[in-house]
1. Which members of the stretch 65-78 meet the condition of being crowded, with 16+ Cβ neighbours inside 10 Å and free of Cβ contacts under 8 Å to residues at least 60 places away in the same chain?
2. I'm trying to understand the selection: among the residues of the stretch 270-288, which are in contact with a helix residue (DSSP H, G or I) (Cβ under 8 Å, 6 or more places away or on another chain) and either over 15 Å from Leu255 (Cα atoms) or not acidic (Asp, Glu) (or both)?
3. Could you tell me whether the stretch 47-69 includes any residue that is more than 19 Å from Ala137 (Cα to Cα), at pLDDT below 90 and assigned to a loop (DSSP other than H, G, I, E, B)?
4. Hey, any hits in the stretch 244-259 for a residue that's in contact with a strand residue (DSSP E or B) (Cβ under 6 Å, 6 or more places away or on another chain) and open to solvent by 10 Å² or more (accessible area, probe 1.4 Å)?
5. Just the residues that are more than 18 Å from Asp142 (Cβ to Cβ) and within 37 Å of the chain's Cα centre (by Cα), please, taken from the stretch 28-46.
6. If Ala252 satisfies every condition in (1) part of a helix (DSSP H, G or I); (2) modelled with pLDDT of 95 or more; (3) more than 21 Å from Lys159 (Cα to Cα) but one, which is the exception?
7. Among the residues of the stretch 49-64, count how many are buried (at least 20 other Cβ atoms within 10 Å of the Cβ) and under 35 Å from the mean Cα position of the chain (by Cα).
8. Looking at the stretch 158-167 only, could you name the residues that are out of contact with any strand residue (DSSP E or B) (no Cβ under 6 Å at 6 or more places or on another chain) and either open to solvent by less than 20 Å² (accessible area, probe 1.4 Å) or not in a loop (DSSP other than H, G, I, E, B) (or both)?
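The values are calculated or read from the model by the stated rules, or taken from the named source; none is laboratory data. The structure presented is a predicted model; accordingly, all values stated were derived computationally and were not measured. Using ideal geometry, Cβ is built from the backbone for each residue, glycine included, and neighbour counts are taken over all protein chains shown. Note: accessible area is taken over every heavy atom of the protein model, side chains too, but ligands, DNA and RNA are not part of it. Shrake-Rupley method; radii C 1.70, N 1.55, O 1.52, S 1.80 Å.
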Amino acid sequence: MPIIDSNALAKFYRCTQNAPLGCRKPIETTEKIPGAKFCLECGFPTTLPVQTELRGSLGTYRISEMLRSQGMGRLYRGTQISNGQSVVVKEYLLPKQYFNAVEAQQRRTALGQVAKGNLTTPKGREFRLVSPSETIADPSSDRVYLIFSGEIAALPTLKQTLRETGAFSASQVRQVLNQMLQSLHFLHSQPSSFASVAIGTAHGNLGLDSLLISDKGYVYVCDLASWEQLFVPAPRQVLLPSQDLIDLGSVAFALWTAQETHSGSDAPLNPREAQHWPQNDPPLRDFLLRLLGLDTPFNSAAEARQALIKLPQPETAAGSHENFSPESPAKSNRKYWLLSLLALPVLGGLLWLLLPRSMSNSDAETANFKHLLPSFADVNGIQPGQYPYTGEALGTWTIVLDKKPASDRKMRALLTQPKLDMAAIFNYRTYAPQRSPLLKFSKQTPRQILRSLVYQPNYPKG
């Protein structure tokens, strides 16, 4: 689990929220009293006012808004005044309550090494590590700053995203793991400037709060313990790359289940419990058990990434793995398989009856349509003469006759003489149906109708 606990500051202040970094009271203090340096309630340092300018060796930066608290500091959005470029500022605090003058200066010096020893990414490669471009550490101030170019450092954390979107799908968890293992492989291959033994650089603070995600699904690593733990009032711990793999397993488990891993009696889920795992991707579950160290652990991030790439996909692996739940649902699903098998012949018969006819009808209609002529003038073989035709009076046909489909000539004129050089005349006659004998009974009573039928033996049949 991450070694950084921002609530470690709470024991030094009487914060009603027991979390002075994330409390609203310091912000409200600056809103009520411009220029105030400490919270009116507990004395914790207030947030930076908007328009505050910070002067560094690479430029001057103006604060535009506070974003959130994160890790052991607070994030602000700002701009570099000289070129207008966006920056993200992370502010760390060195209160006199728990850092004396010597300890504070040691931490300022150590933080300055973070930017100087910035991890260099090979040209053309992207390992998604959010590294600062500059450190601002005024010896006379109890605040120090890391400057991050661009907007990546302001992206939402995985914890924020998890709360908004809910559990990640198995495929999304795989994507996060693939990116993170690539980042850790690069990070672990860098020599550590903070360790006395020859080990790679470890993140040491890997968790949902120290991973950022873009709207395109790219995951970025931030808040390494090598600089975050400088501001924890406790002895620094040795950071091991092997612990990063375990922490990454905890992150993946939390994303997949939308729950934190078991760290006490208040956590609902525990990766050691079989029933707490999702059942839709057994290969991924087995992989995470190894990553968490609950099964044969991986020796490195590179080995773990190769194993992840070789994992079968859930849809191909579902039939070859037994269900992880103690109670297999095979019995409950058996009846649905039987019903499906019985329904197949019926479905096949219906398709055999319907498809050939519908396909043949469709093909015939398509063929007939292709042989249609575009206009009356293209019709050949019409003999001269009179051709009477009719249609329903005051119906749709009488309206169509007065329309102009493709020229200035109305339909009535086109049908009267389709070709100007041919005397084939089509005469329209109004349709007048004969009155049915039954209509004369419409105004008679049933008795009168019956009497008429009995005494009229010559009434036409039908």
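1. Result: Met66, Arg74, Tyr76, Gly78.
2. Selection gives Asn270, Pro271, His276, Trp277, Pro278, Asn280, Pro282, Pro283, Leu284, Phe287, Leu288.
3. no
4. Going residue by residue through the stretch 244-259, those that are in contact with a strand residue (DSSP E or B) (Cβ under 6 Å, 6 or more places away or on another chain) are none.
Checking the stretch 244-259: not a single residue is in contact with a strand residue (DSSP E or B) (Cβ under 6 Å, 6 or more places away or on another chain) and open to solvent by 10 Å² or more (accessible area, probe 1.4 Å).
5. Glu28, Glu31, listed by residue number.
6. Failed condition: (3).
7. So the first thing to find is which residues in the stretch 49-64 are buried (at least 20 other Cβ atoms within 10 Å of the Cβ), and the list is 54, 61, 63.
From what is left, the residues that are under 35 Å from the mean Cα position of the chain (by Cα) are 61, 63.
Residues that pass the stated criteria total 2.
8. Within the stretch 158-167, Lys159, Gln160, Leu162, Arg163, Glu164, Thr165 qualify.
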